[in-house]
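S.K.: Next up is a structure, given as structure tokens.
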Amino acid sequence: MQNNLVIYNSLSRKKETFKAINYPFVGLYVCGPTVYSDAHLGHARPAIIFDVLHRYLLHLGYKVRYVRNITDVGHLEDETAGEGEDRITKKARQEHLEPMEVVQKYLNTYHRNLDQLNTLPPSIEPRASGHIIEQQELIKEILEKGYAYEVNGSVYFDVLKYNEKYKYGKLSGRILEDLQSNTRTLEGQDEKKNSFDFALWKKAAPEHIMKWPSPWSVGFPGWHLECSAMSVKYLGDVFDIHGGGMDLQFPHHECEIAQSTAAHGKESVNYWMHNNMITINGQKMARSLGNFITLDQLFSGNHPVLTQAYSPMTIRFFILQAHYRSTVDFSNEALQAAEKGMQKLMKAIETLNKLKPSATSTVDIDKLRKKCYEALDDDLNSPIVLSHLFEGVRIVNSLLDGTEKTDETGLQSLKEFFNTFVFEILGLKDESSGTGDEKLTDELMKIIIELRQEAKNKKSGQHRIRSGMI
RNA sequence: GGUCGGUUAACCGAGUGGCUAGGUAGCGGUCUGCAAAACCGUUUACGGCGGUUCGAAUCCGCCACCGACCUCCA
């Protein structure tokens, strides 16, 4: 495959040329959400970023198997409390629902929101609860290889033992000695040999609702395990790309690497990609911090910090305006700027469809197209792609003004240019026909004018309509 | 405390050792009976102090500030 796609690999901390293991197939695994409350702005980012990657790979001609998991198995919320209650169980108790009802409810919202954001669905969306057996099998493998130990019905990963042969901490740049001296002393960890060991299987307390039988105890799998088990099941021992939020780099992804390596004797991921966080007032937006804005709130404007509603495409545009490895700070101003920018882009595309060709051409679309590919190839630099698209906008408007000219071929390639990058790859769509206030007003005005004309003809009620209009 | 990252004009946000990113706002203009909209053009930059270099916002060092991770998190 001839392509020049370069991806920043978190593992090597370098940009690397992307080479698929088994052309034309690409295996892409992205960590999805734990479904226990409404999806928020932070969830939109990886969904959109990896959607663009997905779309771009498809555009380049790859056959992509895109796997994005759903964490629907309760994991301990607060180990410091000793008697940890997992988040889904807690929510179920609060809302008087079955745990699986909680899961379904928020999974539905998540799907609806991502659909509104115009993301393509993943090829497979495996749930942790549906892969308990696979996870148990993986635990057995790790136990057999000697990198785990059982205590009181729970199974823990032996990090120190693993570190003798492999290197623990390579993804996040952590050194085991530092971890040893710096990890806070948490209560309820007496079972572990070392504080940095992590659970593969956890024996459930009697009141714990989500639990499954296993050779060790009635319990539930450790959080990091599902991704190791499911990625390998659907993408093979070694696959191309694993993505997720930067906050998952440690410990989640580090533990995944350790588990897979311990079980299979080799690493399973070629390229690790991590998107940065969305911040609000300079702080990370997260459910656990309580400073998040849900996507439904953004779309409806129903939140104290929002001065207006923002459409799904405004959110998408806003996120694409920043590079995925940078933090992006939320503000009404920034969202409004994104909204106007996107409208300008869409308007130009509308204008383009009305343009008439000239005999000669003064514009060079090929050059622009090439620049867009270069930007995408350079670690998915969507802000640069957008800047080139706005150069295209300038051209369209100049054509309308008559300061630039182009022939039929040029017009056609300009249309293809926008179609490819705006709609196909960046995944934006024109919302104006459905929700635009201006269009709605225009339509309503037309009806009122017609009514007035009608009333005028019948000589009835015209004064009311006229005075109302003025 | 440890590890890592950031500090770019009014706001958001790219970027390269020398050549205008882009969007929004502002300003000037075109158009319009006026205005709005639209369009065209355009002013404010690279946290501080040193160093390398013919030349640094871009490389190096120190300092300041901010953030992320180290505990669940997208």
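S.K.: In the list A:Leu171, A:Leu186, A:Leu179, which residue meets the criterion of being assigned to a helix (DSSP H, G or I) and either on the phi > 0 side of the Ramachandran plot or at pLDDT below 95 (or both)? Lay out the reasoning, then the answer.
M.R.: Values: A:Leu171 fails: assigned to a helix (DSSP H, G or I); A:Leu186 fails: assigned to a helix (DSSP H, G or I).
Selected residue: A:Leu179, the only one of A:Leu171, A:Leu186, A:Leu179 that is assigned to a helix (DSSP H, G or I) and either on the phi > 0 side of the Ramachandran plot or at pLDDT below 95 (or both).
S.K.: Let me ask something else about it. Please state which one of A:Thr403, A:Thr409, A:Thr420 is β-branched (Val, Ile, Thr), open to solvent by 60 Å² or more (accessible area, probe 1.4 Å) and more than 10 Å from RNA strand B (Cβ to nearest atom).
M.R.: A:Thr409
S.K.: Are there any helices (runs of 4 or more DSSP H) wholly within region A:35-138 with 1 or more residues that are crowded, with 21+ Cβ neighbours inside 10 Å, within 16 Å of RNA strand B (Cβ to nearest atom) and more than 13 Å from the chain's Cα centre (by Cα), and if so which?
M.R.: Where helices (runs of 4 or more DSSP H) fall fully within region A:35-138 and carry at least 1 residues being crowded, with 21+ Cβ neighbours inside 10 Å, within 16 Å of RNA strand B (Cβ to nearest atom) and more than 13 Å from the chain's Cα centre (by Cα), they are A:87-95, A:99-116.
S.K.: Test A:Asn270 against the stated conditions and say whether it is polar (S, T, N, Q), surrounded by fewer than 24 Cβ atoms within 10 Å (Cβ to Cβ) and outside any strand (DSSP E or B).
M.R.: It is false that A:Asn270 is polar (S, T, N, Q), surrounded by fewer than 24 Cβ atoms within 10 Å (Cβ to Cβ) and outside any strand (DSSP E or B).
S.K.: A follow-up question, please. Which residue pairs have Cβ atoms under 9 Å apart, sit 6 or more places apart or on different chains, and have a first residue in region A:1-20 that is at pLDDT below 90 and a second that is of a type outside the set (Gly, Ala, Ser) and open to solvent by 90 Å² or more (accessible area, probe 1.4 Å)?
M.R.: A:Met1/A:Lys19; A:Met1/A:Tyr23; A:Asn4/A:Glu374
S.K.: For region A:167-178, give me each residue that is buried (at least 16 other Cβ atoms within 10 Å of the Cβ) and more than 12 Å from RNA strand B (Cβ to nearest atom).
M.R.: Hit for region A:167-178 is A:Tyr168, nothing else.
S.K.: Can we say A:Ala309 is in the same structural domain as A:Phe421 (by TED's automatic domain parsing), farther than 30 Å from A:Asn9 by Cβ and within 7 Å of RNA strand B (Cβ to nearest atom)?
M.R.: So A:Ala309 does not fit the description; no.
S.K.: Of the residues that make up region A:61-84, is at least one assigned by TED's automatic domain parsing to the domain that holds A:Val30, without any contact (Cβ under 8 Å) to a residue 40 or more places away in the chain, more than 30 Å from A:Leu426 (Cβ to Cβ) and in contact with an Asp or Glu (Cβ under 7 Å, 6 or more places away or on another chain)?
M.R.: Checked against the condition, which is being assigned by TED's automatic domain parsing to the domain that holds A:Val30, without any contact (Cβ under 8 Å) to a residue 40 or more places away in the chain, more than 30 Å from A:Leu426 (Cβ to Cβ) and in contact with an Asp or Glu (Cβ under 7 Å, 6 or more places away or on another chain), region A:61-84 yields at least one hit.
S.K.: Considering only residues that are open to solvent by 40 Å² or more (accessible area, probe 1.4 Å) and either under 36 Å from the mean Cα position of the chain (by Cα) or closer than 20 Å to A:His323 by Cα (or both), which ones fall in region A:385-400?
M.R.: Matches in region A:385-400: A:Ser387, A:Phe390, A:Glu391, A:Arg394, A:Asn397.
S.K.: Shifting gears a bit: Need pairs with beta-carbon distance below 7 Å; first residue more than 17 Å from A:Leu428 (Cα to Cα) and within region A:329-353, second modelled with pLDDT under 95 and small (Gly, Ala, Ser); sequence gap 6+ or separate chains.
M.R.: A:Asp329/A:Gly282
S.K.: If a residue must be within 19 Å of A:Val103 (Cα to Cα) and open to solvent by 30 Å² or more (accessible area, probe 1.4 Å), how many such residues does region A:208-235 contain?
M.R.: Selection size over region A:208-235: 4.
S.K.: Here is a list of conditions, (1) touching a Ser or Thr at 6+ places or on another chain (Cβ under 6 Å); (2) in a strand (DSSP E or B), and A:Leu28 meets all of them except one; can you say which number that is?
M.R.: (1)
S.K.: With (1) out of contact with any Ser or Thr (no Cβ under 9 Å at 6 or more places or on another chain); (2) open to solvent by 50 Å² or more (accessible area, probe 1.4 Å); (3) within 9 Å of RNA strand B (Cβ to nearest atom); (4) not β-branched (Val, Ile, Thr) as the list, and A:Ala334 as the residue in question, which single condition is left unmet?
M.R.: (2)
S.K.: Anything in region A:236-266 that is more than 10 Å from RNA strand B (Cβ to nearest atom) and open to solvent by 30 Å² or more (accessible area, probe 1.4 Å)? List them, or say none.
M.R.: Selection gives A:Asp237, A:Val238, A:His264, A:Gly265, A:Lys266.
S.K.: Mind counting the residues in region A:294-326 that are closer than 17 Å to A:Thr279 by Cβ, among the hydroxyl-bearing types (Ser, Thr, Tyr) and exposed (fewer than 15 other Cβ atoms within 10 Å of the Cβ)?
M.R.: Summing the residues that are closer than 17 Å to A:Thr279 by Cβ, among the hydroxyl-bearing types (Ser, Thr, Tyr) and exposed (fewer than 15 other Cβ atoms within 10 Å of the Cβ) in region A:294-326 gives 1.
The values are calculated or read from the model by the stated rules, or taken from the named source; none is laboratory data. These numbers were taken from a predicted model, which means no experiment stands behind them. Positions of Cβ are backbone-derived with ideal geometry, glycine not excepted, and every protein chain shown enters the neighbour counts. When the accessible area is computed, the model is the full protein with side chains, heavy atoms only, and any ligands, DNA or RNA have been set aside. Shrake-Rupley method; radii C 1.70, N 1.55, O 1.52, S 1.80 Å.
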